[in-house]
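The values are calculated or read from the model by the stated rules, or taken from the named source; none is laboratory data. The structure presented is a predicted model; accordingly, all values stated were derived computationally and were not measured. For neighbour counting, all protein chains shown are included, and Cβ atoms are generated from backbone atoms with ideal geometry for every residue, glycine included. The protein model used for the area step is the full one, side chains on, heavy atoms only, and it has no ligands, DNA or RNA in it. Shrake-Rupley method; radii C 1.70, N 1.55, O 1.52, S 1.80 Å.
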Amino acid sequence: MSGPELLEKQVGILRTSAGAFFPGERAVFRGCNLHTTLKDLEWFELYVFGITGRRFTPQQVKVLHALWTYTSYPDARLWNNRVAALAGSARSTGTLGISAALAVSEAKIYGWAAARRASEFLFRAKAKVDEGAKLEEVVRAELKQRRGIGGYGRPIVSGDERIAPLMVLVREQGLEKGLFLNLAFEIEQILITQGWRMRMNHAAISAALAADFGMSSQEYYFFGFPAFLAGVPPCFQEAAEKPEGLLFPLPCRMLLYEGVARRSWHGANIAN
Amino acid sequence: MNEEIIHSRIWQEEAEPDNAFAASSCHCHGYDVYGELLGNASWIEYLFLLFRGEAPTRQQAKLLEGLAIALANPGPRDAAVHAAMCGGVGGSTSASCLTAALAVGAGASGGAREVYIAMEDWQSRGCNLEKWQTALKVKLVDDPADVWPVPEHPAGFDPYGVRCTTPVLQALTHLAGIGCGQSLIWLRDNRALLEAAAGLPLAMPGVAAAALHDLGYTPEQGEMLHLFLRLPGAAVHALEQKGYGYKKFPFFGVELENDPDPVSTSSTPIAADT
């Protein structure tokens, strides 16, 4: 079956195993009754259960939670936070500002596109090492092909202040022996000793821990999505509490024009 | 402290003498926006100028205008418009309705990502039939490092189509007839061969990609244009459904495949305050 016939089979009905809401009766979440079977779950546990369909140990949950906590920075200069703060300053709604900030967090040089690349590289590197390749060769080939490695290096600064406290927690929970975590540190050592001067960032260590806990790249991507969230509302709120338009006002002199010289529309192509 | 600056090749401003935060003049790619463009340039000409940095020829302006009309409203069955209507019917903010349309209309199935990919195809294949026929038979591969899911059909073609629809043909015929660039004309003349190679009929994103390529846009620019050129339809249908109310908007039935307690398979519209 294909084409319109295939579409016709789906008209007017949702076939699902994700869940459903029966108004006035109950709600089902991944095959479990939300208000009975899952009623005692913390929201975080429900979130990762929704993504993976699996439950995680208390130690893993603690570390996963910390991956969010340690990267929630209420600094309105950060590009994603700035979106929410500007929304507050421009007197938009909190939901619009905060959801736009999260959408913007799917960026290439930080955030979720970068995290996705980090996760994919760790899985690919491990597969190659398992097949007998030397990790140094894998790293070198990646740098040659893509001129960078997802999860290593960082815009603006080189170090990552989140890694040390995270590793303290990881050790406290007895989770420091993970294969992906060790691989991530080995890659960093190669990058440092070979002179590439790229240190591991939060994307690599969180991707490694998630992989050690059994998450695929796709699951890790969805798990990570709210990681910046806690830092965003304070940026909106503070901007909203100040008089309107006071956040990052830009005088005309801050605009440096580098384009073509002034010209007249009357001589433009459209008149020809 | 040194004042930081924003660089721009597009926009130039001069401040009012008594207010550094208010512009007295604004120039776009060298043209005086409020002193000359306003009153002399059309919206479409200005739009072309913003992206391309040059005024359009008459043919370019006509093509962009035709494309803008073709894309402005895909109609309420379109997924992006459907998303906007979900905002409208629930009384969501106007911006969230358009955000919903952008999020859905961004995708690689009928959305701006499909146009982006198709424009990349135009860049690499041009009007070379053999290249198109060879590439259209290659299975699309996933890039797990990308946030974009792997496309499930060749960009620019309708995954569920039986034959090229009348509006797509009408749009292609009209836009190719303007005679701006070669891609649309070549697409019109070779459509049947391309459809045979793809095993699918041409769809509107395929026409849009060829038009945007003929207009000289990059895939990134084409993706942006496609996103916002389709917003008018999303906006008006969101407002329309807001007016109709939720009782006249489909909620659909459900078949739960792993129901732990299958006492009910009904689905009735939810109350407005749930």
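Could you give every pair whose Cβ atoms fall below 7 Å, whose first residue belongs to the stretch B:3-27 and is in contact (Cβ under 8 Å) with a residue 12 or more places away in the chain, and whose second residue is part of a strand (DSSP E or B) and among the aliphatic types (A, V, I, L, M), counting only separations of at least 6 or pairs across chains?
Going by the 7 Å Cβ cut-off, the qualifying pairs are B:11/A:255; B:13/A:255; B:13/B:23.
Across the stretch B:39-69, which residue is surrounded by the fewest Cβ atoms within 10 Å (Cβ to Cβ) among those that are touching a Pro at 6+ places or on another chain (Cβ under 8 Å) and touching a residue at least 40 places away in the same chain (Cβ under 8 Å)?
B:48
What number of residues in the stretch A:153-187 are within 28 Å of residue A:77 (Cα to Cα) and in contact with a strand residue (DSSP E or B) (Cβ under 8 Å, 6 or more places away or on another chain)?
Summing the residues that are within 28 Å of residue A:77 (Cα to Cα) and in contact with a strand residue (DSSP E or B) (Cβ under 8 Å, 6 or more places away or on another chain) in the stretch A:153-187 gives 2.
Looking at B:211, B:238, which is the one that is more than 14 Å from the chain's Cα centre (by Cα), surrounded by 18 or more Cβ atoms within 10 Å (Cβ to Cβ) and modelled with pLDDT of 95 or more? Walk me through how you get there before you give the answer.
Values: B:211 fails: more than 14 Å from the chain's Cα centre (by Cα).
Testing whether each residue is more than 14 Å from the chain's Cα centre (by Cα), surrounded by 18 or more Cβ atoms within 10 Å (Cβ to Cβ) and modelled with pLDDT of 95 or more leaves just B:238.
Whether any residue in the stretch B:183-200 is touching a helix residue (DSSP H, G or I) at 6+ places or on another chain (Cβ under 6 Å), hydroxyl-bearing (Ser, Thr, Tyr) and open to solvent by 20 Å² or more (accessible area, probe 1.4 Å) is what I want to check.
no
I need the full set of residues from the stretch B:1-31 which are facing chain A (nearest Cβ under 7 Å), closer than 19 Å to residue A:260 by Cβ and open to solvent by less than 50 Å² (accessible area, probe 1.4 Å), in order please.
B:8, B:12, B:23, B:27, B:29, B:30, B:31
What are the residue pairs meeting all of these: first residue in the stretch B:204-232, first residue closer than 26 Å to residue B:190 by Cα, second residue polar (S, T, N, Q) and open to solvent by less than 20 Å² (accessible area, probe 1.4 Å), Cβ atoms under 8 Å, and 6 or more apart or on different chains?
Every condition considered, the pairs that remain are B:210/B:183; B:211/B:183; B:213/B:183; B:214/B:183.
Condition first: aromatic (Phe, Trp, Tyr) and open to solvent by less than 30 Å² (accessible area, probe 1.4 Å). Now tell me which residues in the stretch A:39-64 satisfy that.
The answer is A:44, A:49, A:56.
Among (1) away from chain B (no Cβ under 14 Å); (2) loosely packed, with under 13 Cβ neighbours inside 10 Å, which single condition is residue A:238 missing?
Going through the list (1) away from chain B (no Cβ under 14 Å); (2) loosely packed, with under 13 Cβ neighbours inside 10 Å, residue A:238 breaks only (2).
Within the stretch A:61-92, which residues are in contact (Cβ under 8 Å) with a residue 60 or more places away in the chain, assigned to a helix (DSSP H, G or I) and of a type outside the set (S, T, N, Q)?
Within the stretch A:61-92, A:62, A:63, A:64, A:66, A:67, A:68, A:82, A:84, A:85, A:86, A:87, A:88 meet the criteria.
Any idea which residue in the stretch A:101-139 is farthest from residue A:209 (Cα to Cα), counting only those that are open to solvent by 40 Å² or more (accessible area, probe 1.4 Å) and touching a residue at least 24 places away in the same chain (Cβ under 8 Å)?
A:104
What's the total number of residues in the stretch B:93-127 that are in a loop (DSSP other than H, G, I, E, B), closer than 13 Å to residue B:156 by Cβ and open to solvent by less than 50 Å² (accessible area, probe 1.4 Å)?
3
For the stretch B:139-160, indicate whether the set of residues that are in a helix (DSSP H, G or I) and crowded, with 20+ Cβ neighbours inside 10 Å is non-empty.
Within the stretch B:139-160, the first condition is being in a helix (DSSP H, G or I), and the residues that meet it are none.
The answer is no; no qualifying residue exists.
Mind counting the residues in the stretch A:166-195 that are hydrophobic (A, V, I, L, M, F, W, C), more than 16 Å from residue A:208 (Cα to Cα) and free of Cβ contacts under 8 Å to residues at least 12 places away in the same chain?
Initial filter on the stretch A:166-195 (hydrophobic (A, V, I, L, M, F, W, C)): A:166-170, A:175, A:179-181, A:183-185, A:187, A:190-192.
In the following step, the residues that additionally are more than 16 Å from residue A:208 (Cα to Cα) were identified as A:190-192.
With the extra rule that they be free of Cβ contacts under 8 Å to residues at least 12 places away in the same chain, the set shrinks to A:192.
The qualifying residues number 1.
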